[in-house]
1. Please go through the stretch 74-93 and give me each residue that is in contact with a His (Cβ under 8 Å, 6 or more places away or on another chain) and either outside any helix (DSSP H, G or I) or modelled with pLDDT under 95 (or both), ordered by number.
2. Is there any pair linking a residue in the stretch 24-47 that is on the phi > 0 side of the Ramachandran plot to one that is more than 10 Å from ligand 1 (Cβ to nearest atom) and open to solvent by 30 Å² or more (accessible area, probe 1.4 Å), with Cβ under 7 Å and at least six apart or on different chains, and which?
3. Restricting the stretch 150-176 to residues that are away from ligand 1 (no atom under 12 Å from the Cβ) and part of a loop (DSSP other than H, G, I, E, B), which is least open to solvent (accessible area, probe 1.4 Å)?
4. Being open to solvent by less than 10 Å² (accessible area, probe 1.4 Å) and within 16 Å of ligand 2 (Cβ to nearest atom) is the filter; apply it to the stretch 199-224 and report the residue that is nearest to Glu21 (Cα to Cα).
5. So how many residues does the stretch 177-192 have that are open to solvent by less than 10 Å² (accessible area, probe 1.4 Å), more than 19 Å from Ile33 (Cα to Cα) and in a loop (DSSP other than H, G, I, E, B)?
6. Determine, yes or no, whether Ala30 is within 15 Å of the chain's Cα centre (by Cα) and in a strand (DSSP E or B).
7. Filter the stretch 22-51 down to residues that are polar (S, T, N, Q) and within 20 Å of Ile88 (Cβ to Cβ), then give me how many there are.
8. One residue is enough: does the stretch 178-187 have a residue meeting the conditions away from ligand 1 (no atom under 13 Å from the Cβ) and of a type in the set (S, T, N, Q)?
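The values are calculated or read from the model by the stated rules, or taken from the named source; none is laboratory data. Being a predicted model, the structure only gives us computed values, none of them experimental. Here the Cβ positions follow ideal geometry from the backbone for every residue, glycine too, while neighbour counts run over all protein chains shown. We work out accessible area using only protein heavy atoms, side chains counted, and drop any ligands, DNA or RNA first. Shrake-Rupley method; radii C 1.70, N 1.55, O 1.52, S 1.80 Å.
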Amino acid sequence: MADILIAPSVLSADFSRLGDEVEAIDRSGADWIHLDVMDGHFVPNITFGPPVIKAIRSRTKKFFDAHLMMSPVDSYLGAFADAGCDMITVHAEAGPHLDRSLQAIRSLGKKAGVSLNPSTPVTAIEHVIERLDMILIMTVNPGFGGQAFIPAMLSKILRAKALVGKRPIDIQVDGGVTPETAPAVTAAGANVLVAGSAVFKGGTETAYTKNITDIRRAASGNLA
Ligand code: DX5
Ligand code: ZN
């Protein structure tokens, strides 16, 4: 079983001090930095885009994991690559040409991920599996932090794991991940855990360190 990676989502950070918050989660043990980009069209919320990502790029050396909740997305992929994203994840539901989007991400020299909304089956990505570095299983409906984990997604994680087989493809979960829900998602086969509110609660670096440690411990307890 691969090591568990914790990817705090800056969606729950204090945006007025975003650079400092990124440095704080870096020091607190984050493995990746998860960047939730929302366009107010694909999802009912708006966050930030490439200029903000570029501005915080200098504040950490950690892996930038961009989750693009955008439609259309293809014409913006170059800007996210230039801003310093390492993984670019698009939604399977975001457009009619997922295969083209994934090819474009890899041709920019970046890792390619695909995200599935709760209602989208794993079969939607069966035929693009060879183009993937990561599958993101949404465990809430995208758009907001702090929502409750949807337990029906556990069987989807199992199906994604079966589809992946021995390929070096990460399985990420996003939404409602806490020390309480983490054991089940890793037991089902996920190895990258996104957490927003569960990491940033408390609002201090000491709290972030404890929160990340608690999630990592809970997630690792169930490893075979
Ligand atoms: C939801 C975002 C998530 C969100 C998770 O649309 O993709 O990354 O920040 O927040 P929590 O961990 O609070 O559910
Ligand atoms: Zn996300």
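1. Passing the criteria: only Thr89.
2. Between residues of the stretch 24-47 that are on the phi > 0 side of the Ramachandran plot and residues that are more than 10 Å from ligand 1 (Cβ to nearest atom) and open to solvent by 30 Å² or more (accessible area, probe 1.4 Å), the close pairs are Gly29/Thr209; Gly29/Thr213; Gly40/Ile46.
3. Filtering the stretch 150-176 for residues that are away from ligand 1 (no atom under 12 Å from the Cβ) and part of a loop (DSSP other than H, G, I, E, B), the one least open to solvent (accessible area, probe 1.4 Å) comes out as Ile169.
4. Filtering the stretch 199-224 for residues that are open to solvent by less than 10 Å² (accessible area, probe 1.4 Å) and within 16 Å of ligand 2 (Cβ to nearest atom), the one nearest to Glu21 (Cα to Cα) comes out as Val199.
5. Counting residues in the stretch 177-192 that are open to solvent by less than 10 Å² (accessible area, probe 1.4 Å), more than 19 Å from Ile33 (Cα to Cα) and in a loop (DSSP other than H, G, I, E, B) gives 1.
6. no
7. So in the stretch 22-51, the residues polar (S, T, N, Q) come out as 28, 45, 47.
Still in the list and also within 20 Å of Ile88 (Cβ to Cβ): 45, 47.
The number of residues fulfilling the criteria is 2.
8. Yes, the stretch 178-187 contains at least one residue that is away from ligand 1 (no atom under 13 Å from the Cβ) and of a type in the set (S, T, N, Q).
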